[in-house]
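Following: one structure in structure tokens, then a few remarks.
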Amino acid sequence: MQQQNHQPTDPIEPTSDSVCALTSTRFVLVEPSHPGNVGAAARALKTMGLRRLILVKPQHPNVLTHPDALALASGAQDVLAAAQITDSLETALSGVQWSVALSARPRGYSPPILTPRSAAQQARLVAAQGEVAYIFGNERAGLSNADVERCNALVHIPANPVYSSLNLAQAVQVLAYELRMTLLNEGDGPPHTPTLAHGLSVSALATSDEVERMFAHLQSAFIALDFLHPAQPKKLMSRLRRLFARTALEREEVNIMRGIAKRIIWQAKSRDLE
Ligand code: SAH
């Protein structure tokens, strides 16, 4: 007789696409100072089905084995043990096509501002085919402006305006929860296609590394043109970063911008030789 499987299907079990999106999304903590917060962040991720934790220059050398980290990770010690440690945000974001900076306070120059929920919706689209990262700052200082400006979006958790600074691991929990809810409810939303606004294809998006090389190339071209003076750079590059952050740059477009920069540098050199 055939064995009947009466096991009910778990109503909150994500589909395999969602599981992939959840497990590939990077949660990056920049210079975390308290090992306990790192452990608690690992727990926050695991409870929401996430597991990719990256630490950029953690202040404690043995943070992954620190007793406070182990205690607060509780049943998520596997996520803690698997955390990657890098020495720069650039390395942590290698290959990422859509990155979100988390900030407790507004910034003068920032990429477009999203709520945790709208960020999760955007992350869902990109994560179907590409790489997504959420980036959190240090407990005391938060993220630097330079770190914020290299991301595609800024998320502020709309907390109490008179005291909106959450504990680091609690901020991780809020974003991880929103991501899980969005991915679990994907059947309720529009059909899940890996196509972004304006018909852009995720696979054509430039990665964070490619975009950073474009900015470095443009900056050299502006210097060669005497349009940017290294001693007095003003806010030119920050403003341009904000301008480009409002678009979703494709690899092809990054190559065009680099082609223009290359040509400018070449022309400026031949002018100098005349
Ligand atoms: N004193 C710091 C706050 C650090 S809290 C500052 O003023 O920036 C540590 C990190 O948790 C922050 O860098 C941010 O990534 C996250 N965080 C805390 N509260 C947040 C909020 N309301 N919205 C978004 N991120 C928040």
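The values are calculated or read from the model by the stated rules, or taken from the named source; none is laboratory data. Predicted model only: the values in this text are computed from it and were never measured. Reconstructed Cβ throughout: ideal geometry from the backbone, glycine too, with neighbour counts over all protein chains shown. Only protein heavy atoms, including side chains, enter the accessible area calculation; ligands, DNA and RNA are left aside. Shrake-Rupley method; radii C 1.70, N 1.55, O 1.52, S 1.80 Å.
Here are some notes:
- Net +/- balance of residues flanking Ile265 in space, Cβ distance below 13 Å, scoring K and R +1, D and E -1: +3
- Ranking Met214, Met257 by solvent-accessible area of protein heavy atoms (1.4 Å probe, all protein chains present), from largest to smallest, gives Met257, Met214.
- Extension gain for Ile256-Leu225 works out to 9.3 nm (0.36 nm per residue, less the C-alpha to C-alpha distance).
- Rounded to the nearest whole Hz, the Karplus-based 3J(HN,Hα) values (6.51 cos²θ - 1.76 cosθ + 1.60, θ = phi - 60°) of the range 20-32 follow the sequence 4, 5, 5, 7, 8, 5, 8, 10, 10, 9, 8, 6, x, with x at glycine and proline.
- For the chain, calculated [θ]222 nm from helices alone, where every DSSP H run of n ≥ 4 adds -39500 (n - 2.57): -13500 deg cm²/dmol
- Overall form of the range 1-151 per C-alpha gyration tensor (a/c, 1.5; a/b vs b/c): oblate
- Pairs of Lys residues in the chain are counted when their Cα atoms are under 29 angstrom apart and they lie 8 or more places apart or on different chains; the count is 7.
- Debye intensity ratio I(q)/I(0), log10, the chain, q values 0.08, 0.17 Å⁻¹ (C-alpha model): -0.38, -1.34
- Charge tally for Val254 (other residues, Cβ to Cβ under 11 Å; Lys, Arg +1; Asp, Glu -1): -3.
- Two-site FRET efficiency, Ile85 against Arg213, from Cβ-Cβ distance with R₀ of 35 Å, rounded to 0.05: 0.90
- Applying 1/(1 + (r/R0)^6) with R0 = 41 Å to the Cβ-Cβ distance of Ile113 and Ser16 gives a FRET efficiency near 0.80.
- Residues listed by number, the range 134-175, amide nitrogen under 13 Å from Thr47 label point at 7 Å toward C-beta: 169-175
- The range 16-184: relative contact order in percent, alpha carbon pairs under 8 Å with at least 6 residues between: 30
- Accessible-area order (highest first, 1.4 angstrom probe) of the listed residues Cys151, Cys20: Cys20, Cys151
- Taking Glu274, Glu149 and ordering them by how much accessible surface each has at a 1.4 Å probe, largest first, produces Glu274, Glu149.
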